[in-house]
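The values are calculated or read from the model by the stated rules, or taken from the named source; none is laboratory data. Quantities reported herein were computed from a predicted structural model and do not represent experimental measurements. Positions of Cβ are generated from backbone atoms using ideal geometry, with glycine treated the same way; all protein chains shown enter the neighbour counts. These area figures cover heavy atoms from the full protein model, side chains too; ligands, DNA and RNA do not enter into them. Shrake-Rupley method; radii C 1.70, N 1.55, O 1.52, S 1.80 Å.
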Amino acid sequence: MTRIAVDAMSGDRGAPVAVEAVVASLQSHRDLEIVLVGDADALNQEIARHRKADVGDRLTVRHASEVVGMCESPARSLRQKKDSSMRVSINLVQSGEAGACVSAGNTGALMATARFVLKTLAGIDRPAIVSPIPSRRGHTLMLDLGANAESTPEQLFQFAVMGAVVAEAVHGVESPRVGLLNIGAEEMKGNVQIQQAGRLIGDSELNYIGFVEGDDIYIGDVDVVVCDGFVGNVALKTSEGLGKLIAQFLREEFSRNALTRTAAFFAMPVLRAFRRRVDPRQYNGATFIGLQGTVIKSHGDADAVAFASAIDVARMEVEQQVPERIRTLLAHSLGE
């Protein structure tokens, strides 16, 4: 059985969404156990609303008396909220009672707490945030998406190793193609940091295809795109904004007059298929990779479908022993 700790109190929607997602996940995966962490009374009330769900004894509750706010200082939450649902969930991973933690809470607090409690893997300087991005080929994994505003060439190499392991172990990509995000694909392009990182990755046994540009994230033949957290977060937020803009433009054009509304009616099957392909809920669940344990960050405003996707990412990473595979590949790449 795979056991996952779920921080059920953090995030914008809190316990109702977390419990609904957990029940759906347990019904879909009979080899899954989940520990709901948070206010026991509130969680038991929510569980009672799903009394018809057939989850047996695979759902348990662990009480936590505090909650980390979405705008709370990471340092304050780390020092003063040691019984928060977030901290208790991560503690369960550290003690071995759970194989992974899923939280929709404050990203900074979650990263700071996870790094403090779990520590990084040997050979990893800093954890990174990795998540799939919709692309022409299905999706592209990208890291770092915001954990490290600045990264050394050695850290970018470590990101490449970690991204390759996630692509292969979780997403089933054999010999994933790794690209380093740059301002051009030519060998002479980029700053000293990028040039040095390219040489480090190129000298490893990874399937490195060289520098890639921003458009390759969506339409290129690359499986893993590596960058520092500053660039990655800007790219991610730009993508989200563009997606919302396209959706708004489509709504405006199809509602412009009676003719376009009629066209919208006949185009509805295509529009629904398009929406399914780019639905951000199916890509929810960013991994804090590089830790001695699995921590998955759900979007703070995730609904039950999206939160269940994050739980599924955690389940797969536990089953595939991602931290151990990163440790092994990194040691092999460094010749240890």
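Summary of values
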| read-out | value |
| --- | --- |
| Cβ-Cβ under 9 Å pairs, at least 6 apart or on other chains, segment 273-299 side closer than 20 Å to Met9 by Cβ, far side open to solvent by less than 40 Å² (accessible area, probe 1.4 Å) and of a type in the set (Lys, Arg) | Gly285/Lys297; Ala286/Lys297; Phe288/Lys297 |
| Residue list for segment 302-330, filter: among the charged types (D, E, K, R), under 24 Å from Asp125 (Cα atoms) and touching a strand residue (DSSP E or B) at 6+ places or on another chain (Cβ under 6 Å) | Glu317 |
| Matching residues in segment 237-267 - criterion: being of a type in the set (S, T, N, Q) and open to solvent by less than 50 Å² (accessible area, probe 1.4 Å) | Ser239, Thr260 |
| Output for segment 308-330, where each listed residue is of a type outside the set (Val, Ile, Thr) and closer than 17 Å to Arg30 by Cβ | Ala308, Asp312, Ala314, Arg315, Met316, Glu319 |
| Asp312 vs. criteria open to solvent by 10 Å² or more (accessible area, probe 1.4 Å), within 18 Å of Ala104 (Cβ to Cβ) and either of a type in the set (Gly, Ala, Ser) or modelled with pLDDT of 90 or more (or both) | yes |
| Unmet criterion (only one of (1) in contact with a strand residue (DSSP E or B) (Cβ under 8 Å, 6 or more places away or on another chain); (2) within 30 Å of Phe116 (Cα to Cα)) for Ala185 | (2) |
| Residue in segment 165-184 that is over 27 Å from Arg327 (Cβ atoms), surrounded by fewer than 20 Cβ atoms within 10 Å (Cβ to Cβ) and either modelled with pLDDT of 95 or more or not aromatic (Phe, Trp, Tyr) (or both) present | yes |
